[in-house]
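Beneath this line is the structure, given in structure tokens, with notes to follow.
Readers should treat all values here as calculations from the given coordinates under stated rules, not as data from a laboratory. Model, not experiment: these values are computed from the prediction. So basically every Cβ, Gly included, is an ideal-geometry build from the backbone, and we count neighbours across all protein chains shown.
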Amino acid sequence: MQTATKAKPQAEPLDPKQLEQFLHKFVGDMGAAMSAALILVGDELGLYRTMAEAGEALTPERLAELTSTDARYIREWLAAQAAAGYVMCDADTNTFWLSPEQALTLGRENSPADIAGGFQVVASMFKDVHKITEAFRGGSGVGWHEHHPLLFEGTERFFRSSYATNLLDSWLPTLDGVVEKLKNGCKVADIGCGYAASTILMAEAFPKSRFTACDYHPASIEKARQKAWKAGLTEHIDFKVTTAKEYPGNDYDLVCMFDCLHDMGDPVGAAKHVLQSLKPDGTWLIVEPFAHDEMKGNLNPIGRVFYSASTMICTPASKAQEVGLALGAQAGEKRIREVVMQGGFTRFRRAAETPFNIVYEARP
């Protein structure tokens, strides 16, 4: 008896207009990728910062003079930046300046919209392509500590602006009774703290509280200590090199995880440890990248960034650890809820959100 075979689907005829549109898209993406390198150059040399401080149109020669750089390089750099829409330009007078929006995002480090750190993350991804490619072949992981240092610096800088804008004024106030506890003095653990941008913000705002900042990456903890010393907060923050399943202490009023739960190999195990470390009326603050539960809801520019970062950074990080659950940066609320509830928590809710983050509150 012969079995029926499916006919091969007919290939769609090539549409020249569709091909042209796709090639235009590719050229745009190629230009954006190249611009990332130029943004790093401009950031490192203080070109954006100088333009923002000048507050007026500058010739390439004048910008070169102000930044002690070569005018010929500056001329080419400015033309590329103008073509990308990152600086304003009057081609007739050969002058360039920053709009208020460009100055805020590129010319003022630590501003609420500082984005240059994001391009440091992009640069680190290119530097680690060979490691991730090999991980694809064998299914192995690549630990956070195995990435180029640009990743650590860029991540801290990129997220710091969002935390500075939202954490104190928008996120913490949405948690039941937490701000009052912080004001009166309570015990806080910041897990996966990296360079401790979030810890330092809270320690500055709530001097009566005591903070423990934890990360498994020794180099990040050392940098965090330096930043805390510079901020005069060494008496308010204890630093520990430890994992999310092993951090010390108990009776915490608040445990925080900022943009790191999805990177963990065993987030359920981490959730169980958080529960054990909290007071009966304590709170677990979880900040995660914004995501819908289904992939189709994330197929947009923000999802593109997060899926890309998840491919190169988050998923490899999880697969490098025990269990290797690999939630990914677009796990979504339903999946995060499952992890939290499997850890033994009984209450979970979305407390706040921005276009880039969702803030969850979990209670015992």
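For the stretch 295-350, taking the reciprocal of the average inverse distance between every pair of different Cα atoms yields a Kirkwood hydrodynamic radius of 12.4 Å.
A Cβ-based charge dipole, computed about the Cα centre of the chain with Lys and Arg at +1 and Asp and Glu at -1, lands at about 1040 debye. Rounded to the nearest 20 debye, the dipole size of the stretch 18-108 about its Cα centre is 120 debye, using +1 on the Cβ of Lys and Arg and -1 on the Cβ of Asp and Glu. Footprinting exposure proxy ranking of 137, 363, fewest other C-beta atoms within 10 angstrom first, gives 137, 363. Per residue, the Cα convex hull of the stretch 225-328 amounts to 138 Å³.
Relative to the compact-globule estimate of 2.2 N^0.38 Å, the Cα radius of gyration of the stretch 150-195 comes out at 1.36.
Ordering 364, 295, 77 by Cα displacement along the dipole of the chain toward the positive end leaves 364 in first place; charges were set at the Cβ atoms of Lys, Arg (+1) and Asp, Glu (-1). Seen from residue 132, the other residues with C-beta closer than 13 Å to its C-beta sum to a net charge of +1, counting Lys and Arg as +1 and Asp and Glu as -1. Partner lysines whose Cα lies under 27 Å from the Cα of residue 187, excluding those fewer than 8 positions away in the same chain, are identified as 208, 223, 227, 230, 240, 245, 272, 279.
Taking every Cα-Cα distance in the stretch 323-364 and sorting them into 5 Å bins starting at zero, the pair-distance distribution P(r) comes out as 5, 20, 30, 25, 14, 5, 0 percent. Using equal-weight Cα scatterers in the Debye expression, the normalised intensity of the stretch 168-301 in log10 at q = 0.14, 0.17, 0.20, 0.21 Å⁻¹ is -0.63, -0.90, -1.19, -1.28. About the centre of its Cα atoms, the stretch 163-277 shows a dipole size close to 280 debye [charges on the beta carbon of Lys, Arg (+1) and Asp, Glu (-1) only; nearest 20 debye]. The base-10 log of I(q)/I(0) for the stretch 14-88, evaluated at q = 0.11, 0.22 Å⁻¹, reads -0.36, -0.94 [Debye formula, identical scatterers on Cα atoms, solvent excluded].
Most simply put, the chain has about 45% antiparallel DSSP beta bridges, counting only bridges with both residues inside it. Helical content alone sets the calculated 222 nm signal of the chain at -14500 deg cm²/dmol, taking -39,500 (n - 2.57) per DSSP H segment of four or more residues and averaging over every residue.
Calculated from the alpha-carbon coordinates, the stretch 95-207 shows an Rg and a Dmax of 18.0, 54 Å respectively. Considering only 329, 202, 86, and ranking their Cα positions along the charge dipole of the chain that arises from unit charges at the beta-carbon of Lys, Arg, Asp and Glu, the one farthest toward the positive end is 329. Farthest toward the positive end of the dipole of the chain, out of 107, 182, 283, is the Cα of 283, where the dipole comes from beta carbon charges about the Cα centre. Counting Cα-Cα pairs of the stretch 265-304 in 5 Å increments starting at 0 gives whole-percent bin shares of 6, 18, 18, 14, 14, 14, 9, 6, 1.
Of the DSSP H helices in the chain, those that are both long (alpha-carbon extent of 27 Å or more along the helix axis) and hydrophobic (Kyte-Doolittle mean at least -1.0) are 16-45. Size descriptors for the chain (Cα atoms only): Rg and Dmax, in that order, 23.4, 85 Å. Three principal axis extents of the stretch 50-130 based on alpha-carbon atoms, in descending order, are 44, 29, 23 Å. Compared with the direct C-alpha span, the chain from residue 94 to residue 304 gains 72.0 nm at full extension, assuming 0.36 nm per residue. Taken along its three principal axes, the alpha carbon spread of the stretch 96-145 comes to 48, 22, 12 Å, from the longest extent down to the shortest.
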